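Here you go, one structure.
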Amino acid sequence: MAATGYRMKYVDGAMKEQKISERSVKRLVYIAEHAPCGRFEIRKETGELWDSHEVRTLEERGLWEVEWLEPGDEGHEGAWRILHLNDVGKNVVRKWQERS
């Protein structure tokens, strides 16, 4: 993983090189410290509204495990709860912290 500005490169769960923003890494750090937690818990604690698209994208890249709460939500656009970071997510957090 090479640090480049406010983005960092990493290899995702499918072994594809990706870039991650500082904002997304901060979300990974939050989940590492507070998981499991859902949209409303995060909003209450941080005042931020996390978009389902971003949650789904980071899940698809193998960074965290998400439980989608609405039955029949095939597109994963509704309510969610992030259960924990996966190994890739933990590695991204560790590498981000090492660069500081």
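The values are calculated or read from the model by the stated rules, or taken from the named source; none is laboratory data. Model, not experiment: these values are computed from the prediction. Side chains are part of the model used for accessible areas, which takes the heavy atoms of the whole protein and leaves out ligands, DNA and RNA. Shrake-Rupley method; radii C 1.70, N 1.55, O 1.52, S 1.80 Å.
Residues to consider are Glu70, Glu60, Glu54; find the one that is open to solvent by 40 Å² or more (accessible area, probe 1.4 Å), at negative phi and within 12 Å of the chain's Cα centre (by Cα).
Details: Glu70 fails: within 12 Å of the chain's Cα centre (by Cα); Glu54 fails: open to solvent by 40 Å² or more (accessible area, probe 1.4 Å).
After ruling out the rest, the residue left standing is Glu60.
Here is a follow-up. Working only within segment 66-86, note down all residues that are under 18 Å from Arg43 (Cα atoms) and assigned to a loop (DSSP other than H, G, I, E, B).
Across segment 66-86, the qualifying residues are Leu69, Glu77, Gly78, Ala79.
Taking segment 42-63 as the search range and keeping residues that are aliphatic (A, V, I, L, M) and assigned to a helix (DSSP H, G or I), which one is farthest from His84 (Cα to Cα)?
Within segment 42-63, the match that is farthest from His84 (Cα to Cα) is Ile42.
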